[in-house]
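Working notes, beginning with the structure itself.
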Amino acid sequence: MNQTPQSATINCIHCGTANAAGERVCLRCGAALTAVKRKRSIKRLIVKSMIRILGLTLILLFLGYASLITTSDPILPSQEEEVIKAIEVLERKGFSKEAFVLRRIVRFRATDNWWNRYIGHESAYAATNFPFEVVTLYPEFFSEPTDEVERAAILLHESYHLFGHGEPKAFEGAWKERRRLGWVNEQYYLTPVWLSVRESTRRWAPHLFECGEDGRSDCTDSQR
């Protein structure tokens, strides 16, 4: 007995009966089968369009990433050692997610890429290109911090950008976590990095400095 190949059948959406591909109505219930063909064609068209869009997006992301790398210089081996020490501080203090991204995913650069040069930036210790996970470390990152803890504080700030957060969230989050990191007022309050970061945090997250009788004290000091 000859049977219609499975690939040449159309299942009725009403009763489930397998009908030959050339049939217009279901042999069992009489429902129209053209709607089934149309739905399958639309579904295939949507899937193909999504694949094309995804492929184009990945190509553009790769080209963008490559352009950031090729238009900037890598950090020196001696500088890389300093970065690794700072990441190790983050790991010891429990910032495992941030340390993983910084160690395994980020590409560290020593000079601005074309995008950083185009948009410009204020004086900073580092700059992050999200979602490419490229971090530019400026000379001040290596010269101004007094130790690896202060460099870890800077990298903690940049890790917020690596996860897609803007400056307000990055300054607020890093400032709140500074005591957990070991970057404390008692030891670092007069260092250039501390003074610079505190001033920037006051500007980007002013609500953290609205405590005390004068309404201008650091609210996080009471969270010890």
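State whether the residues of the range 13-36 include one that is within 30 Å of residue 135 (Cα to Cα), among the acidic types (Asp, Glu) and surrounded by 11 or more Cβ atoms within 10 Å (Cβ to Cβ).
Within the range 13-36, the subset within 30 Å of residue 135 (Cα to Cα) is none.
Within the range 13-36, not a single residue is within 30 Å of residue 135 (Cα to Cα), among the acidic types (Asp, Glu) and surrounded by 11 or more Cβ atoms within 10 Å (Cβ to Cβ).
I'd like to know if the range 30-47 contains one or more residues that are outside the structural domain of residue 112 (by TED's automatic domain parsing), modelled with pLDDT of 75 or more and assigned to a loop (DSSP other than H, G, I, E, B).
yes
Output yes when any residue across the range 117-133 is touching a Lys or Arg at 6+ places or on another chain (Cβ under 6 Å), outside the structural domain of residue 63 (by TED's automatic domain parsing) and in a helix (DSSP H, G or I), and no when none is. Step through it out loud before you land on a result.
Let us first name the residues in the range 117-133 that are touching a Lys or Arg at 6+ places or on another chain (Cβ under 6 Å), namely none.
No, there is no match, as no residue in the range 117-133 is touching a Lys or Arg at 6+ places or on another chain (Cβ under 6 Å), outside the structural domain of residue 63 (by TED's automatic domain parsing) and in a helix (DSSP H, G or I).
Would you be able to say whether some residue in the range 10-24 is in a helix (DSSP H, G or I) and either modelled with pLDDT of 95 or more or more than 18 Å from the chain's Cα centre (by Cα) (or both)?
As a first pass, look at the range 10-24 and keep what is in a helix (DSSP H, G or I): none.
The answer is no; no qualifying residue exists.
The values are calculated or read from the model by the stated rules, or taken from the named source; none is laboratory data. This one's a predicted model, so the numbers in the text were calculated from it and none came from an experiment. So basically every Cβ, Gly included, is an ideal-geometry build from the backbone, and we count neighbours across all protein chains shown.
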